[in-house]
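Here the structure comes first, spelled out in structure tokens, and everything after it is commentary.
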Amino acid sequence: MRNLCLYFQVHQPFRFRRYRFFDIGNEHYYYDDYTNESILRKVADKCYLPANALMLNLIKRYPGKFRLAFSISGVAIDQFELYAPEVLESFRQLADTGSVEFLAETNAHSLVSLKDRNEFKEQVQLHVDKIKKYFRQSPKVFRNTELIYSDEIGAQVAEMGYEAMLTEGAKHILGWKSPNYLYCNAINPKLKILLKNFKLSDDIAFRFSDQGWSEYPLTVEKFVAWLNQIDKKEEIVNLFMDYETFGEHQWEGTGIFRFLEALPGEVLKHSDFVFVTPSEVAANLQPVAAVQVAYPISWADEERDLTAWLGNELQQEAFNKLYEQAWKLEQVKDPVLLKDWNYLQVSDHFYYMCTKFFSDGAVHSYFNPYQSPYDAFINYMNILSDFVIRLNALVPQTGIDKEKANLAHILEEKEKQIEKYKAEIERLSELINTSPGKFEEESDRIMNNGGAKKVRTRKAGASSGSGKKKAIEKKGEATGKKSRGK
Amino acid sequence: MFGWEFPPHISGGLGTACYGLTKGLSVYNDLQIRFVIPKAFGDEDQSVIRITGANQVELGTKDRDYKAFLEKIQFVEINSNLIPYTDPDEYYRLVNQDKSGINQYIHTTFSGTIDFKGGYGGNLFQEIANYAIIASVLAAENDFDIIHAHDWLTYPAGIAAKQVSGKPLVIHVHATDFDRSGGNVNPGVYELELKGMHAADKIIAVSNLTRETIINKYGINPGKVVTVYNAVDPIDSDLSLSYENRIKDKIVTFLGRITMQKGPEYFIEVAHKVLQKMDNVRFVMAGSGDMMVKMIHRAASLRIMDKFHFTGFLKGEDVYRMFALSDVYVMPSVSEPFGISPLEALHSNVPVIISRQSGVSEILKYAIKVDFWDIHAMADAIYGILNYKALSEMFVKYGRKEVEEMRWENSARKVRQIYNTLIK
């Protein structure tokens, strides 16, 4: 009995709207609702909904035998909630079968693990809370954004209490070793490491519909034959991929859904592999060795490193400027600001600023809303500038900021007061036009001082300032009108 | 090679490009270039090529049937006072000068040499025709393998030389009238361009943008049109470093002819937008042109003249001084076949913002590209470069490297390959 572990990543970022520098300080809404909704709806209809329906079907057809795992980023869940609640419902149905495991990750699908320990921990907690809320599971296995992993990050994850973590079976890490075993963290051996078999995973995720590929077309028979060719001693094959592979990266017309539909039957019938979830792997298998990863790796591109997100100066600048703010957030309770903080961290923003695709000519334009990396950078920095202004207003640090916050507060109060007076003047001038008699009455009452109270009660809810001041104001108004009348 | 201008007597990019290309070609020892311009002033750089002024070529001493030549090149004799290619400075001078030139030409023709004024004056079509006559004479008297004509003014000369000698003709399109006029094409110019393109054995376009224009607007067989990008000469680094910026404000620069083609009005609108948000920035519009007065009025009515400066036409060293002072260079051209100046700016370590409607945007990676009409994007890009240090640092670091790799030798190699296919 050997193990086949299927894991799918579900993520959609909140894309920012075009945010010009004139908006800084004036406009605090950052998101392109139309794009976000239309992309999410499109992917939901083409991928998430049909794929989930198929998965549910397969689980019912092979009860207890077809098992798989998902990681759904917190921002994706937020978007499902907003734009496609039926997708959440279909994931919940999958969760209820007991054959599906949900993994923990950072709520914002962020790169925070590279920067800030505390913030990392908090974000994972946010995500776990969401998973508990929606799928009634508490994750035991962790997967980091884009499978980013290093010994250091692994140790932190172990500290948080996770049993296992997923990452890429990168060649430059493994060397002669095979990804088809269970490994453990080099610092804390308690944390088990599952490595992606990138050859077989990418055969499905990237090469499935590539007509230039020598193995095209890929059939389940062929794929299972490859599984069978794997050395009998090797214990596990980890197939990790984006869930959008089904129906989005590989369109329905390529036959990807039929491939998926036929896979479990063929595997169970013609091979000695069984389907397992990551936590079952961690429980059942013994790690064969520690895997040494001194520098962070990811599952992206040929290099399997971080250069897609932090490879150039623009990305590093934006990333550093963002996390310079982290300590201020500890004092913030405002939910809107916290939400923006979360969405600012989404790794995709940094991905859009990548310039390395200049060289190989392959433009990573998949759902990229920007025409160039510079566009992406400027837009991001404009938004970040505005965010920092708001943050500083809430969490004044320097003397100037405090003064500013104070003055802003006073200004706001005065504004309110002026509004109130304006309304009052309007009311009175209306009165003088419609029924001068009543106006006389009113002005007398105001001058008698006792009237102020009555005015206040009549203007329900709107006033709370000093009645006396108002009265004086109105008196002036009244006499003015009178003299004009003469 | 036929060209209308050559440094130092230039009005724009054409002369610079001709010079760069011929210099690039000079590495080939088996290649000799004779460059014919209407009027040789004598101070041209002749170290690498031989410059011939059409005004020095003698006609009258030889017994020759000029009528036959004239018949062959009949079509260039357009009796017209059109002023199609207006170099603005030249134009202003022209307006104030007497128009007796026409008669003078007729007198001097056939009497020995023809007098050329050069530039882009009012009798341009007459000069073009005369220039073509000289070309046919040169073609008959000299031995050569290839005729290479730069831009429409010299196409008749190229055609004439080809008709006389039967040698292959290469036409080098630095701009079309669609670029210069913004759509209101001068039919006379269009006709010359069209004839040149049809007569040519090969057409060199300075960008794919221009190549598309040639194919779509002039109906030329795509197989005949090849793109060869321009390049830039490395400038003396001492020169650009020797100017220190004494002004504390950031400087955003527009440099070029102030004509519709270059989009100066967009630059002003953008300046206005940026100045609403930023205080420590100044805008400079360097150059002159027929739209300059209008631009000054516009800037004044926007009340930004305290931060917006006009320098007039800049020449030679002043250009580098201007670059050295600049923090951003903006080229909002409405239609720019190539556009060498952004490359020069990058050479001087100035980040650039260029319009997508320019040929140079096809090859520059480390530059911000915007549509010329999108003043919001342009303003945002300027703000971004001035405020987010990482961006300008990146452009300076990689942009300079990038332009240093764009050498005239590379362009020349491609031109040489084209020659080789034609000579066989």
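Can you spot a residue in segment A:63-72 that is modelled with pLDDT under 95, closer than 15 Å to A:Tyr343 by Cβ, more than 14 Å from every other protein chain (Cβ to nearest Cβ) and surrounded by fewer than 21 Cβ atoms within 10 Å (Cβ to Cβ)? For segment A:63-72, residues modelled with pLDDT under 95, closer than 15 Å to A:Tyr343 by Cβ, more than 14 Å from every other protein chain (Cβ to nearest Cβ) and surrounded by fewer than 21 Cβ atoms within 10 Å (Cβ to Cβ): absent.
Evaluate segment A:303-310: report whether one residue or more is of a type in the set (D, E, K, R), farther than 17 Å from A:Lys115 by Cβ and in contact with a His (Cβ under 8 Å, 6 or more places away or on another chain).
Within segment A:303-310, one or more residues are of a type in the set (D, E, K, R), farther than 17 Å from A:Lys115 by Cβ and in contact with a His (Cβ under 8 Å, 6 or more places away or on another chain).
Which one is surrounded by the fewest Cβ atoms within 10 Å (Cβ to Cβ) among residues in segment B:310-333 that are modelled with pLDDT of 90 or more and under 17 Å from B:Thr259 (Cα atoms)? Result: B:Thr311. Say we look at segment A:219-271 and pick out the residues that are among the hydroxyl-bearing types (Ser, Thr, Tyr) and under 27 Å from A:Ile72 (Cα atoms); which of these is farthest from the chain's Cα centre (by Cα)? Selected residue: A:Thr254.
State whether one or more residues within segment A:289-311 are within 14 Å of chain B (Cβ to nearest Cβ), crowded, with 17+ Cβ neighbours inside 10 Å and modelled with pLDDT under 90. Yes, that holds for at least one residue.
Only one of the numbered conditions (1) within 14 Å of another protein chain (Cβ to nearest Cβ); (2) part of a helix (DSSP H, G or I); (3) touching a residue at least 12 places away in the same chain (Cβ under 8 Å) is not met by A:Ala53, and that is (1). Checked against (1) outside any helix (DSSP H, G or I); (2) closer than 24 Å to B:Ala161 by Cβ; (3) at pLDDT 75 or above, B:Ala17 meets all criteria but (1). When residues in segment A:152-164 are screened for being surrounded by 18 or more Cβ atoms within 10 Å (Cβ to Cβ), in contact with a strand residue (DSSP E or B) (Cβ under 9 Å, 6 or more places away or on another chain) and not in a strand (DSSP E or B), 6 of them pass.
Quick one: which helices (runs of 4 or more DSSP H) lie wholly within segment B:124-181 and hold at least 2 residues that are within 27 Å of B:Met291 (Cα to Cα)?
On the way: elements: B:124-141, B:155-165, B:177-181.
Result: B:124-141, B:177-181.
Could you please let me know if A:Gln397 is more than 14 Å from every other protein chain (Cβ to nearest Cβ) and modelled with pLDDT under 90? Yes.
Among the residues making up segment A:240-278, a single one is of a type in the set (A, V, I, L, M) and in contact with a Cys (Cβ under 7 Å, 6 or more places away or on another chain): A:Val276. Please tell me if A:Gln286 is in a helix (DSSP H, G or I), surrounded by fewer than 17 Cβ atoms within 10 Å (Cβ to Cβ) and out of contact with any strand residue (DSSP E or B) (no Cβ under 6 Å at 6 or more places or on another chain). Judged against the criteria, A:Gln286 is not a match.
Just to verify a result, which residue in segment A:385-423, among those that are assigned to a helix (DSSP H, G or I) and among the β-branched types (Val, Ile, Thr), is farthest from the chain's Cα centre (by Cα)? Even if it seems obvious, please write down each step before you answer.
So the first thing to find is which residues in segment A:385-423 are assigned to a helix (DSSP H, G or I), and the list is A:385-394, A:399-423.
Going one step further and asking which of them are among the β-branched types (Val, Ile, Thr), we end up with A:388-389, A:400, A:410, A:418.
Values: A:Val388: 20, A:Ile389: 22, A:Ile400: 34, A:Ile410: 36, A:Ile418: 41 Å.
Here the residue is A:Ile418.
Within segment B:247-297, restricting attention to residues that are more than 16 Å from B:Tyr383 (Cβ to Cβ) and charged (D, E, K, R), the residue that is farthest from the other protein chains (Cβ to nearest Cβ) is B:Asp290. Would a scan of segment B:316-330 turn up a residue that is at the interface with chain A (Cβ under 10 Å from one of its Cβ atoms) and closer than 15 Å to B:Leu255 by Cβ? Scanning segment B:316-330 turns up no residue that is at the interface with chain A (Cβ under 10 Å from one of its Cβ atoms) and closer than 15 Å to B:Leu255 by Cβ. Of the helices (runs of 4 or more DSSP H) lying entirely inside segment B:331-424, the ones with 3 or more residues being free of Cβ contacts under 8 Å to residues at least 40 places away in the same chain, over 24 Å from the mean Cα position of the chain (by Cα) and within 14 Å of chain A (Cβ to nearest Cβ) are found at B:375-387, B:389-394. For segment B:151-203, taking the residues that are at pLDDT 90 or above, among the β-branched types (Val, Ile, Thr) and farther than 18 Å from B:Glu5 by Cα, the one that is surrounded by the most Cβ atoms within 10 Å (Cβ to Cβ) is identified as B:Ile159. In the set A:Tyr380, A:Tyr374, A:Tyr352, only one residue is at pLDDT 85 or above, buried (at least 19 other Cβ atoms within 10 Å of the Cβ) and more than 12 Å from every other protein chain (Cβ to nearest Cβ); that residue is A:Tyr352. Filtered by the rule that a residue be within 14 Å of another protein chain (Cβ to nearest Cβ) and either farther than 25 Å from A:Met381 by Cα or surrounded by fewer than 20 Cβ atoms within 10 Å (Cβ to Cβ) (or both), segment A:318-339 gives A:Asn320, A:Lys321, A:Glu324.
The values are calculated or read from the model by the stated rules, or taken from the named source; none is laboratory data. Since we're looking at a predicted model, the values are computed, not measured. Cβ coordinates were reconstructed from backbone atoms using ideal geometry, including for glycine residues, and neighbour counts include every protein chain displayed.
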